[in-house]
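A short worksheet on the structure shown next.
The values are calculated or read from the model by the stated rules, or taken from the named source; none is laboratory data. It should be emphasised that the depicted structure is a prediction, and the values quoted were computed from it without experimental measurement. Quick reminder, even Gly has a Cβ in these numbers, built from the backbone with ideal geometry, and neighbours come from all protein chains shown.
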Amino acid sequence: MSIIRYVIWGNWKDSAELCRRPRNSKKRCNMTTSSPSKDKILNAIRDAAKLLGHPPSRAQFESSSGISEYHVLSHFPSWREAVRAAGLEPNSTNRPIDPSVLLKDWGEIVRRTRRIPTRDQYRREGIYSAGVFEKKFGPWSNIPAKFRSFAESRPEWVDVVALIPIEVARAPFVDSPSSSSADHSTPIASLRRYQKLENRPAYGNPIDFRGLRHEPVNEEGVAFLFGMVARELGYLVEILQAGYPDCEAKRQVAADKWQRVRIEFEYESRNFREHGHSPDGCDIIVCWRHNWTDCPANLEVVELSSIINTLASDEE
């Protein structure tokens with residue numbers, strides 16, 4: 001059996017915030033068995049604030065408590081709301097931030113690390129949220145070009161500009177007039193559907209999630225997408241293999257404590273049953289769509305279609 005070992009590095013993805021069960025969803029498998037309670041999270045936020053002398057950032061909280069964002073956002077819609085629920089006021093405000101302030105902070109990270117940060121690396125090391133950058137500058141991939149334009153007349157940034165490859169700093173692609181004039185308000189589902197051509201691949205719906213242009217259409221796509229967000233979900237992948245289960249990983253269950261879990265990738269959760277897998281050999285199903293209503297209670301389900309909606313829209 002061929003076995004491939006992986007270590008999840010920051011550049012597997014451009015960033016993160018996490019699995020939140022849809023409010024109107026049907027009864028699902030137990031997805032929060034090992035999740036800390038809401039009160040425990042609030043107490044941990046207060047304890048971190050006492051230790052630091054100010055409300056903690058997400059990175060400071062995770063470091064001091066061992067509780068991942070995955071668990072925080074299973075109880076709260078955003079990190080800011082969790083801090084407020086603990087009786088504290090988040091450090092950031094809703095006042096507009098000057099673009100030059102954002103670019104300076106981004107540039108300081110490039111200067112310190114000697115490389116262009118991914119979205120998630122900036123989220124961990126920067127002062128501001130990655131969402132603020134995207135509101136100001138568009139996609140995260142635009143920021144090197146924006147910084148180059150900002151720093152051209154500022155000699156104090158010449159060392160940072162030298163670290164930005166010219167090809168990275170190019171202006172973003174602009175649609176041609178013919179494509180930009182199309183009516184994009186028309187839902188894709190209502191457009192005319194054409195007959196499928198033979199000998200050509202079919203793609204999932206467009207999602208444009210961190211470089212992944214389309215939804216997964218199979219188990220392999222689910223595995224790839226999980227690799228992009230595994231670290232944000234609190235997982236460290238140890239091994240991927242051809243046999244059952246597909247993956248072994250570790251996840252943090254307490255401060256300084258990690259536990260091994262067995263993961264099976266499926267496009268739809270009910271495929272687990274259809275493939276004849278034994279629930280005793282697996283802890284977690286990672287799927288694109290959770291549609292197995294009578295899933296055994298001992299199996300957790302991570303539905304990526306719900307998770308990436310949270311990650312893609314989170315601006316905190």
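A few comments on the model shown:
- Helices (runs of 4 or more DSSP H) lying entirely in the range 35-121 (those with 3 or more residues that are in contact with a Phe, Trp or Tyr (Cβ under 8 Å, 6 or more places away or on another chain) and either at pLDDT below 85 or surrounded by 15 or more Cβ atoms within 10 Å (Cβ to Cβ) (or both)): 38-52, 99-113
- Single unsatisfied condition, Glu316 versus (1) modelled with pLDDT of 90 or more; (2) buried (at least 18 other Cβ atoms within 10 Å of the Cβ): (1)
- Annotation note: of Ala249, Ala297, Ala202, Ala242, the sole residue that is under 20 Å from the mean Cα position of the chain (by Cα) and not hydroxyl-bearing (Ser, Thr, Tyr) is Ala249.
- Residue-level analysis places Arg154 among those that are surrounded by fewer than 19 Cβ atoms within 10 Å (Cβ to Cβ) and not assigned by TED's automatic domain parsing to the domain that holds Trp79.
- Where Cys19 falls short, out of the listed (1) under 30 Å from Asp283 (Cβ atoms); (2) at pLDDT 80 or above: (2)
- Annotation note: of Phe265, Phe226, Phe209, Phe272, the sole residue that is within 30 Å of Ile97 (Cα to Cα) and crowded, with 19+ Cβ neighbours inside 10 Å is Phe209.
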